[in-house]
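Have a look at the structure below before the remarks.
The values are calculated or read from the model by the stated rules, or taken from the named source; none is laboratory data. Computed from a predicted structure; not experimentally measured. In this analysis, Cβ positions are derived from the backbone assuming ideal geometry, glycine residues included, and neighbour counts consider all displayed protein chains.
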Amino acid sequence: MSTKHLELAQVGIDFPTPKGPFRALENVNLKIEKGEFVSLIGHSGCGKSTVLNIIAGLHQATTGGVILDGSEVNSPGPERAVVFQNHSLLPWLSVYKNVELAVKSTMQGKSKSEMREWILHNLALVHMSHALDKFPNEISGGMKQRVGIARALAMEPKVLLMDEPFGALDALTRAHLQDSLMEIHASLGNTVIMITHDVDEAVLLSDRIVMMNNGPAATVGEILDIALPRPRDRLVLADSKQYNHYRHEVLTFLYDKQKKVETVSSHGKSTLKQSANGVSSEKKDKSNSDAA
Amino acid sequence: MSKISTILRFTPATSRSEGVTGFLFQSAPTLLLPIIGLLLFLAIWNGVAKSIDTSLGQFPGPAQVWEQVGALANEHIEQRESADAFYTRQAERNAARVAQDPNYVPKIRAFTGAPTFLDQIWTSLYTVLVGFLIASIVAVPVGILCGLSKSAYTAINPLIQLFKPVSPLAWLPLVTMVVSALYVSDDPAFSKSFVTSAFTVSLCCLWPTLINTAVGVSNIDNDLINVSKVLRLSPLSHLTKIVLPSSIPMIFTGLRLSLGIGWMVLIAAEMLAQNPGLGKFVWDEFQNGSGESLARIMVAVLTIGAIGFVLDRCMLSVQRAVSWDKSRVLR
C-alpha cells in the first residue's frame, strides 16, 4: 500500500470579496492512506467544506495542490465521488434512475445487464432494493441519503467524499446510516473523507480525526488517531474508557483550545449576510414577477 | 329511472333535502361560487346595458348577445350551404363542357363569399399558434443559453430590455413592409396578411418566454450542478437531465404568458392591419354600424376571452404532462 494515496500539500485558497481576496484556508497539509476513514471536524465556517470541495475539484486551490495516486486534481470527477449534505438526488428521476445516471456516465462500454446488476448491487449495499421505482420525494430523508451513498459508491470512487452526510437526519436514522456506512467501508475498503459536526460520529467511524482551527486562514490544528479495534459496536463503545478518552480529546480541542468566540459583531455580520441573501432572493422573485 | 323514483319514494323528505343541500355545500367552492359570480355579472350587465343608449341603439344585454350567437351560427351554416351549392354547380357545368368537348380544360374557381365568424375564429387561432410556435422555438434555446452562460446573458440582456417594452403594434408597419418586400412568390403557401400577423405575434411572444427561461435556468440548485460536474456529464446530458427538468416550471410560466400576450396582440394587429381574423370581424362590425353590430362585437369579445382561457388551460395540461412533479398544484 502506497503511503501517499491522497496528499494535500500547502493547500490555501482565496475567495474574492469586494474588499479584496479573503484567505479561507492556509497551509493545509494532509496525507491519507488507501482505505483510511478520515473525519474533518471543526466549528462551522472553519473551511471544512472548502477542503472537501478542493479535493473534489469543485474549488481550485490558490496555493498548493491535491495529488491523488500521483496525479494532480484539477477538476471534478467520478473517482472522487461526493455525497452531499442534502442528498442532491435528481427529483425527476426514480431511485434506480438516479444511480443509473452515475453508472452510465462512469462505466461506459459495459453491457446493459452488467450495468443493471451493478446498480442493483449498490442499492442492495445501502438496503434500498425495495424502493427502486420510488421518486426522491416519496422516500424519507434517511432513505434519500442512502441512495445518495449508493450513487457515490456506484461510481467506484478511489475516494469517497462525504459532506456532513448525516447532518440533516434525526439521531436514530443517523445511527442506522452510520452502521451501514461502517459495514460498507469494511467490505469495500474505500478511502473515505467525511465532514462532521458530531463528535460521537467522528470517533465511532474514523481511523483518524483531523481537527481544524478556526478561520480565517484556517488550517489543520491537530490530528487524532483512533485506535479502536474494528468492527466497532456503538453499544460496547458507549461504555468504553478508550472511546470516551477520544471523545474527550476532540471535545477539548473544540471547546477549550478552539473556543469559538461568537462576538456580537461576527454574529451581526452573519445575520446581515443572511438578510442580504434574503433581499437578493426577493429581488430575484420580483424580477420574475416583473417578467411576468 | 324507476330505481331513482323508488328510492325517492321511500326516503323521508327531510333527509332528501339534506342530501341536496349537503351536496351543494360540499361543492360550493368549486361549483356554486363561480355560478353565483357569473349570475351576478349577467344581472349587472343586463341592468347597466338598458340604461346606455348609443348612436347604434341600446347597448346589448345578455339576451341580445345570445340572439346574435345563434344568428352568427346560422350565417355560417348558410354560407357553407351556398358554398357547397356553388361547387356542385361548378362541377356539373365543367362535366357538361368536358362531355361536349373532350379537349376542354375545366376551370375551377374558389367560392368568393365573405369569411364567417367561425372562419375568422379559425384564422385567428391558426395565426396565434404559428406565431407562438415560432417565438417559442427561438426563445427557449436563447433563454437556456442566457441562463447557462453569464457572458451570453450580458451580451443579450440590453437587447431584451430594449425590445421587451415595445408594443408589437409599433412593429406592425415595419413587419408589413418587410413581408411585402421579401415574401414574394407567385404561388405563396401562406397569404401575406397571415405572415404579417404571425410574425407580429412572434415578436411579442419572445420576451416572456426568453426571460423566464433564463431566470429558471440560472436558478438551478447549485448542488445539482455539482452532481453534474462530479459525474462529468456531457453538455447534452447536463442539458436534458439537469437543466431542462429543473427549469420546466419557469419555462412554462413564460410560455403561458407569451401565449396570452400573443392572443391579445393578434386581435389588435388584425384590427389595425385589416388582416383576416377576429380583430377584423370586430372592426368590420364596428364600421358596419347596424343595430346588431354591438351585440355581434360583444359575441366576439366573449369568444376572444373564452379562447384565451382555453388556450391557457391547454398549456397547463401540456405542463402537467411534461412536469416531473405530478403532485404540484399548478395554477
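Summary of computed values
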quantity	calculated
Every residue from the range A:75-88 that is more than 11 Å from A:Asn53 (Cα to Cα) and surrounded by fewer than 20 Cβ atoms within 10 Å (Cβ to Cβ)	A:Gly77, A:Glu79, A:Gln85, A:Asn86
Pair list, Cβ < 6 Å and 6+ apart or interchain, from the range B:152-163 residues that are assigned by TED's automatic domain parsing to the domain that holds B:Val142 to residues that are surrounded by 13 or more Cβ atoms within 10 Å (Cβ to Cβ) and in a helix (DSSP H, G or I)	B:Ala152/B:Leu145; B:Ala152/B:Cys146; B:Tyr153/B:Cys146; B:Ile156/B:Cys146
Yes/no for A:Val51 being closer than 21 Å to B:Val230 by Cα and away from every other protein chain (no Cβ under 14 Å)	yes
Every residue from the range B:155-191 that is out of contact with any helix residue (DSSP H, G or I) (no Cβ under 9 Å at 6 or more places or on another chain) and under 21 Å from B:Tyr126 (Cβ atoms)	B:Ser185, B:Asp187, B:Ala189, B:Ser191
Elements of type strands (runs of 3 or more DSSP E) contained in the range A:147-233, each with 2 or more residues being modelled with pLDDT under 90	A:220-225
Matching residues in the range B:250-259 - criterion: being more than 11 Å from chain A (Cβ to nearest Cβ) and either surrounded by fewer than 21 Cβ atoms within 10 Å (Cβ to Cβ) or more than 11 Å from B:Ile211 (Cα to Cα) (or both)	B:Phe252, B:Leu259
Filter result for B:Ser317 (under 25 Å from A:Pro91 (Cα atoms) and away from chain A (no Cβ under 14 Å))	yes
Test result for B:Val128, within 24 Å of the chain's Cα centre (by Cα), among the β-branched types (Val, Ile, Thr), surrounded by 12 or more Cβ atoms within 10 Å (Cβ to Cβ) and under 20 Å from B:Gly291 (Cβ atoms)	no
The lone exception for B:Arg109 - which of (1) surrounded by fewer than 14 Cβ atoms within 10 Å (Cβ to Cβ); (2) part of a helix (DSSP H, G or I); (3) not aliphatic (A, V, I, L, M) it fails	(2)
Identity of the residue in the range A:99-130, buried (at least 17 other Cβ atoms within 10 Å of the Cβ) and within 22 Å of A:His176 (Cα to Cα), that ends up nearest to the other protein chains (Cβ to nearest Cβ)	A:Val99
Any hit, the range B:216-224, residues being more than 14 Å from chain A (Cβ to nearest Cβ) and among the acidic types (Asp, Glu)	no
Tabulated pairs, the range B:286-304, first closer than 18 Å to B:Ile267 by Cα, second loosely packed, with under 14 Cβ neighbours inside 10 Å, C-beta under 7 angstrom, 6+ apart or interchain	B:Leu294/B:Thr54
Test: residue in the range A:132-145 that is aromatic (Phe, Trp, Tyr), surrounded by fewer than 22 Cβ atoms within 10 Å (Cβ to Cβ), within 14 Å of chain B (Cβ to nearest Cβ) and closer than 24 Å to B:Ser237 by Cβ	yes
Hits in the range B:225-241 - residues which are under 32 Å from the mean Cα position of the chain (by Cα) and either at the interface with chain A (Cβ under 7 Å from one of its Cβ atoms) or assigned to a loop (DSSP other than H, G, I, E, B) (or both)	B:Lys241
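Residue-by-condition table, conditions (1) among the small types (Gly, Ala, Ser); (2) closer than 16 Å to A:Met162 by Cβ:
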position: A:Gly35; (1), (2): yes, yes
position: A:Ile41; (1), (2): no, yes
position: A:Leu68; (1), (2): no, no
position: A:Val82; (1), (2): no, yes
